[in-house]
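**Student:** This is the structure I want to talk about, given as structure tokens.
Values in this text are rule-based calculations from the coordinates and carry no lab data. Values in this document were obtained by computation on a predicted structure and should not be read as measured data. Here Cβ is always computed from backbone atoms with ideal geometry, including for glycine, and neighbour counts include all displayed protein chains.
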Ligand code: ADP
Ligand code: MG
């Protein structure tokens, strides 16, 4: 999936050079840096992101006024069917979901149940065979700048430095000062000192942090993440999960996160959609009522344990069905 993070930012087929495109939505004001304030001055309390945590220094994707958030995703009666020669595979069927602006949701389910297919349909990489997906009321028919995408790996341009990778999207969309934006977003993920390193010189965790910075640097209202921490060791993964929550709290972007890790899904999400296999559909929606901010210790609580038990039961039902059917 190399080079796919921003469909808007296309590469010229023959020269391999980036093709500059104009900022598609001039009515959308570019956000600005949150001014650095004394500790405690710039806090957010209550509400969905209610952390009371200081979030100064972070580039924010939106204004600070409640009610102007965007990033609402409507998935209506969606099915995706793959046809290969005479074989017809219904990968996703009968999905009806509304995801609210700024919400963090996970798609959870066994391998092959259609998580990536659904995510790719939200991002416009796949056009549904049936039904409709819209973001903020606009039908998604192709990849577009409203979605930033982070994949498990190989989502950075290996021939570009970390800074160039992050500045690439803003530059392609014709945003002002792309390099400065790149630096701000690298700082957001704590990698400003690695601006001139190439992806191969960075650890897996660092590469994924650059990937997140790159996906956010165009300030998309929606961030799509497909098992972004799947290739990381357990410790790094845990730290990345916490970092992601901090960034999301500051950035207010809607996140759709694909994983097959139950704890990861619960820890991160407002809602977990457990998927059913063959064909993939939403088996059950679990609302995660745990407070925020969350730290890994929350996984030791009874409330977390209860949700985990419920989710694991659902997943096991599905995995057994697939196992017994012998299809995977
Ligand atoms: P997951 O991400 O949950 O592991 P996927 O969405 O990748 O599952 O795949 C769902 C099903 O669709 C699988 O059976 C997979 O083999 C099939 N599939 C995915 N992409 C394609 C494709 N491009 N062509 C044909 N079949 C596909
Ligand atoms: Mg997948």
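**Student:** For residue 284 and residue 261, what does the FRET efficiency come to when R0 = 22 Å and r is the distance between their Cβ atoms, rounded to the nearest 0.05?
**Tutor:** The value I calculate is 0.80.
**Student:** For region 186-253, compute Rg over Rh where Rg is the Cα radius of gyration and Rh is the Kirkwood radius from the inverse mean 1/r over Cα pairs.
**Tutor:** Reported Rg/Rh (Cα atoms, Kirkwood Rh): 0.94.
**Student:** Just the number, please: Stokes-Einstein D of region 122-272 in µm²/s, Kirkwood Rh from C-alpha pairs, 37 °C, 0.692 mPa s.
**Tutor:** Calculated translational D: 207 µm²/s.
**Student:** Suppose R0 equals 30 Å; then what is the FRET efficiency for residue 82 and residue 200 from their Cβ-Cβ distance, rounded to the nearest 0.05?
**Tutor:** Using R0 = 30 Å, I get an efficiency of 0.35.
**Student:** Roughly how many nanometres apart are two label points built 7 Å out from the Cα toward the Cβ at residue 179 and residue 98?
**Tutor:** 4.6
**Student:** Another question, then. Which peptide among 136-143, 93-100 comes first, and what is the full order, when sorted by highest mean count of other Cβ atoms within 10 Å?
**Tutor:** 93-100, 136-143
**Student:** In nm, to one decimal, how far is the modelled label at residue 134 from the one at residue 308, with both set 7 Å along Cα→Cβ?
**Tutor:** Simple spin-label model gives 4.1 nm for this pair.
**Student:** Among rounded, prolate and oblate, which fits region 111-168 when a ≥ b ≥ c are the square roots of the eigenvalues of its C-alpha gyration tensor, a/c under 1.5 means rounded, and a/b larger than b/c means prolate?
**Tutor:** The shape class here is oblate.
**Student:** OK, next. Modelling each spin label as a point 7 Å along the Cα-to-Cβ direction, I'd like the residue 127/residue 111 distance in nm, to one decimal.
**Tutor:** 3.2
**Student:** I've got another one for you. Express in nm, to one decimal, how much length is gained between residue 154 and residue 324 on full extension, taking 0.36 nm for each residue of separation and deducting their alpha carbon distance.
**Tutor:** 57.8 nm
**Student:** Still on this structure: Using 0.36 nm per residue of separation minus the Cα-Cα distance, give me the extension gain between residue 316 and residue 234 in nm, one decimal.
**Tutor:** Contour length minus the Cα-Cα distance gives 27.3 nm.
**Student:** If we sort 144-152, 296-304 on the protection proxy, mean other Cβ atoms within 10 Å, highest first, what's the order?
**Tutor:** Packing order, densest peptide first, comes out as 144-152, 296-304.
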